[in-house]
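Okay, structure first, notes after.
The values are calculated or read from the model by the stated rules, or taken from the named source; none is laboratory data. Keep in mind the model is a prediction, meaning the values are calculated, not measured. Neighbour counts are summed over all protein chains in view; Cβ atoms, including those assigned to glycine, are modelled from backbone coordinates with ideal geometry. Please note that ligands, DNA and RNA were not included when accessible areas were found on the heavy atoms of the full protein model with its side chains. Shrake-Rupley method; radii C 1.70, N 1.55, O 1.52, S 1.80 Å.
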Amino acid sequence: LIILYSFCRVTDDMIDDELDVNKKKLKFELIKKFIDELFYDRKTDYDVQTKPRELNIDWTKYESELTDVEMSCFRALSRISFYLPRKPFDELLTGYKWDIEGRLVRNEDDLLLYSTYVAGSIGALCVYVMMYRCDNDKFDLVENYDYVIEKAYQMGRVSK
């Protein structure tokens, strides 16, 4: 959970703390490229694996663009990404894109959608971490956890 939280916190800071919009966009593209590399071989948005696999990531391009803290979070996430689904990361990226565009939350529907992207997605990822760590031998039965994952999204949206 610490690895997951640190990646989400650090990437959020990479977007929020950068004042130059062009640099924000470059950082966003770097995060997106990393997510693409982590999940390049997934068959579905929620495909997960039970065992680590070899990743083909060219770390030199990240080392030249990221701080040591950012780099350590990227490397750490790569070690646990096999049991995480891609979809919540795509949602998180959509939330970052809203931030970059300065998109306003104009109504309750916007608020719920934005909350799904930036909080619900992280809640869902936390469930996957807990599922893997606590129920590894049955992890391929992810569909049994749909109810809990939906509740994690609801908690992120603070909705019932």
| task | Kindly indicate which of Phe39, Phe28 is among the aromatic types (Phe, Trp, Tyr), in contact with a Pro (Cβ under 9 Å, 6 or more places away or on another chain), within 13 Å of Leu93 (Cβ to Cβ) and surrounded by 13 or more Cβ atoms within 10 Å (Cβ to Cβ). | result | Phe39
| query | Can you name every residue in segment 1-42 that is aromatic (Phe, Trp, Tyr) and under 16 Å from Glu70 (Cα atoms)? | reply | Tyr5, Phe7, Phe28, Phe34
| Hey, does segment 87-108 have a residue that's in a helix (DSSP H, G or I), more than 15 Å from the chain's Cα centre (by Cα) and small (Gly, Ala, Ser)? | no
| remark: Those residues of segment 56-86 that are over 14 Å from the mean Cα position of the chain (by Cα), surrounded by 15 or more Cβ atoms within 10 Å (Cβ to Cβ) and of a type in the set (A, V, I, L, M, F, W, C) come to a total of 3
| request: Out of the residues in segment 12-25 that are under 23 Å from Ser115 (Cβ atoms) and in contact (Cβ under 8 Å) with a residue 24 or more places away in the chain, state the one that is most open to solvent (accessible area, probe 1.4 Å). | output: Asp16
| message | Tell me yes or no: at least one residue of segment 14-32 is modelled with pLDDT of 90 or more, closer than 22 Å to Val129 by Cα and among the acidic types (Asp, Glu). | response | no
| task | Tell me which of these Thr50 doesn't satisfy, since it passes every other one: (1) loosely packed, with under 15 Cβ neighbours inside 10 Å; (2) hydroxyl-bearing (Ser, Thr, Tyr); (3) in a helix (DSSP H, G or I). | result | (3)
| said: If I filter segment 61-69 for residues that are in contact (Cβ under 8 Å) with a residue 24 or more places away in the chain and under 24 Å from Tyr145 (Cβ atoms), do I get at least one hit? | reply: no
| request: Check Arg106, Arg42, Arg133, Arg75 and return the single one that is within 24 Å of Leu26 (Cβ to Cβ) and of a type in the set (D, E, K, R). | output: Arg75
| note | Of the candidates Lys33, Lys43, the one satisfying the condition of being part of a loop (DSSP other than H, G, I, E, B) and not aliphatic (A, V, I, L, M) is Lys43
